[in-house]
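J.: I have a structure I would like to understand better, so I am pasting it below and will then ask my questions one at a time.
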Amino acid sequence: MSVFRQGATALITGGSSGIGLAVAQLCLEHGMRVAIADKNAETLRLAQETLSAGAGNPDVEVYEADVSEEEEWITLAAKVRERWKGGGAYAGMPDFLMLNAGVGTRGSWGEGEYFQKIFDTNLYGVVNGLNEFVPVIQDRPDRPSAIVITGSKQGITNPPGNAAYNASKAAVKSLAEHLSFDLKDTKTTVHLLVPGWTFTGLSGNTPGAEKEKPSGAWSASQVAELMYQKIQDNKFYIICPDNDVNEITDKKRMLWSVGDVVNERPPLTRWRPEWKEDAEKWMSEVDVKKA
């Protein structure tokens, strides 16, 4: 039985635009009930209109919530359970939990607010959601469920220029990996969604906006569809390409990055001038199937 099924419940954070909204639309197409949470009241309103096709839809609920606040998670969980409470001991608990909310603020060393804001949302927004729902989800023996956590390639290849963001996404990757192991003997599957360049709310793709998608970017719906396919195949790592970077290039970049550790090179050699020629030669010649 798939988690994407008639009558199942989805809770998606950061669901009012971009990938979260596209996944909400996908869930509705499969007959699911969808709750989306976001801190932006205006995009929530527009998202509800989009998901409801301009009319009221009893299978759609939106909640204004700041995922960085533990207390707001407690309130959100209670509201979702109350909304769909009929039918069994675990009714109202999400069958599909997607922790997708994130911010992309930039800053530098000495800017405490930059680090705090990034970690509060990107890291603790995930930790809070897991702590609220995992203890109940993992004890539900009668039906399959899934948890999707949105990571980033920057949390794997770690390019210079946004240390806090990269660190938050690296931490999210580690959390998801541990969660997958801890739930391996349950009916709950765990998945790390790693988008490529995607036209999301962070780049202007919000309900009602008229900004055109860049040619190199994937649409949010493409990411949602690949996520769906990989979950059906029970894949943990969902690494998305885009129209500029293919799967092979992604794998080569990841292998080069871990090579810094294995080969005792300095960190981030892909971006160091003295390693530029070696990195480019390796990227052009390596066979990822034999590396």
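J.: How far is helix 41-51 tilted off the main Cα axis of the chain, in degrees rounded to 10, range 0 to 90?
T.: Result, in degrees: 70.
J.: Which GluC sites (Glu not before Pro) in segment 222-291 pass both tests, a DSSP loop state and at most 11 other beta-carbon atoms within 10 Å?
T.: 264
J.: Longer than 18 Å from Cα to Cα, which of 153/281; 153/173; 184/251; 85/184; 173/251 are they? Say none if no pair is.
T.: Where the Cα-Cα span goes over 18 Å, the pairs concerned are 153/281; 184/251; 85/184.
J.: Points 7 angstrom from Cα along the Cβ direction at residue 45 and residue 268: gap in nanometres?
T.: Result: 4.2 nm between the two label points.
J.: On a 0 to 90° scale, report how tilted helix 276-285 is relative to the longest principal axis of the chain, with both axes built from alpha carbons and the result rounded to the nearest 10.
T.: Here the helix axis deviates by roughly 70 degrees.
J.: What dipole magnitude, in Debye to the nearest 20, does segment 9-244 give about its Cα centre under +1 on Lys/Arg Cβ and -1 on Asp/Glu Cβ?
T.: 420
J.: Can you give the extra length, in nm with one decimal, that the chain gains between residue 285 and residue 182 once fully stretched, where that is 0.36 nm per residue apart less the Cα-Cα distance?
T.: 33.3 nm
J.: At most 13 other Cβ atoms within 10 Å and a DSSP loop assignment: could you name the chymotrypsin sites (Phe, Trp or Tyr not before Pro) in segment 109-205 that fit?
T.: Here the sparse-neighbourhood loop sites are 109.
J.: Report the Cα centroid-to-centroid distance between segment 1-62 and segment 97-119 in angstrom, as an integer.
T.: 25
J.: While we're looking at this one, here's another question. Please identify the trypsin sites (Lys or Arg not before Pro) of segment 144-196 that satisfy two criteria: DSSP loop assignment and at most 13 other Cβ atoms within 10 Å. Which are they?
T.: 184
J.: Contour minus end-to-end for residue 254 and residue 221, with contour as 0.36 nm per residue of separation and end-to-end as the Cα-Cα distance?
T.: Roughly 9.4 nm would be gained on extension.
J.: Give the relative contact order (percent, whole number) for segment 9-244; include only Cα pairs under 8 Å separated by 6+ residues.
T.: 20
J.: Next question, about the same structure. Give 235/289; 213/289; 169/276 a once-over and call out the pairs whose C-alpha atoms are over 28 Å from each other.
T.: Cα-Cα > 28 Å for 213/289; rest within.
J.: Now a separate question. Residue 103's amide H: which non-local residues (gap 5+, or another chain) put their own amide H closer than 5 Å, with H modeled 1.01 Å from N in plane and none for Pro or chain starts?
T.: The list, which skips near neighbours in sequence, is 122.
J.: Within the set of other residues whose C-beta is less than 10 Å from the C-beta of residue 196, count the net charge using Lys and Arg as +1 and Asp and Glu as -1.
T.: With Lys, Arg at +1 and Asp, Glu at -1, the neighbours total -3.
J.: Determine the sum of side-chain charges near residue 158: Lys and Arg each +1, Asp and Glu each -1, restricted to other residues whose C-beta is under 12 angstrom from that of residue 158.
T.: So the environment of residue 158 carries a net charge of +4.
J.: For the chain, with the dipole built from +1 on Lys and Arg beta-carbon atoms and -1 on Asp and Glu ones, taken about the Cα centre, which of 75, 283, 112 lies farthest toward the positive end?
T.: The Cα lying farthest towards the positive end belongs to 283.
J.: Also, quick follow-up: How charged is the neighbourhood of residue 44? Take every other residue with its Cβ under 11 Å from the Cβ of residue 44, and add Lys/Arg as +1 and Asp/Glu as -1.
T.: -3
J.: Eigenvalues of the Cα gyration tensor times 5, then square-rooted: what semi-axes does that give for the chain, in whole angstrom, largest first?
T.: Ellipsoid semi-axes (Å, largest first): 33, 21, 19.
J.: Any idea what the dipole of segment 246-291 comes to, in debye rounded to 20, about its Cα centre with Lys/Arg Cβ at +1 and Asp/Glu Cβ at -1?
T.: For segment 246-291, the charge dipole is close to 100 debye.
J.: Roughly how tilted is helix 220-232, in degrees to the nearest 10 and between 0 and 90, from the longest Cα axis of the chain?
T.: Result, in degrees: 80.
Every read-out reported here was derived from the displayed coordinates using simple, explicitly stated rules and does not represent laboratory data. This one's a predicted model, so the numbers in the text were calculated from it and none came from an experiment. Cβ coordinates were reconstructed from backbone atoms using ideal geometry, including for glycine residues, and neighbour counts include every protein chain displayed.
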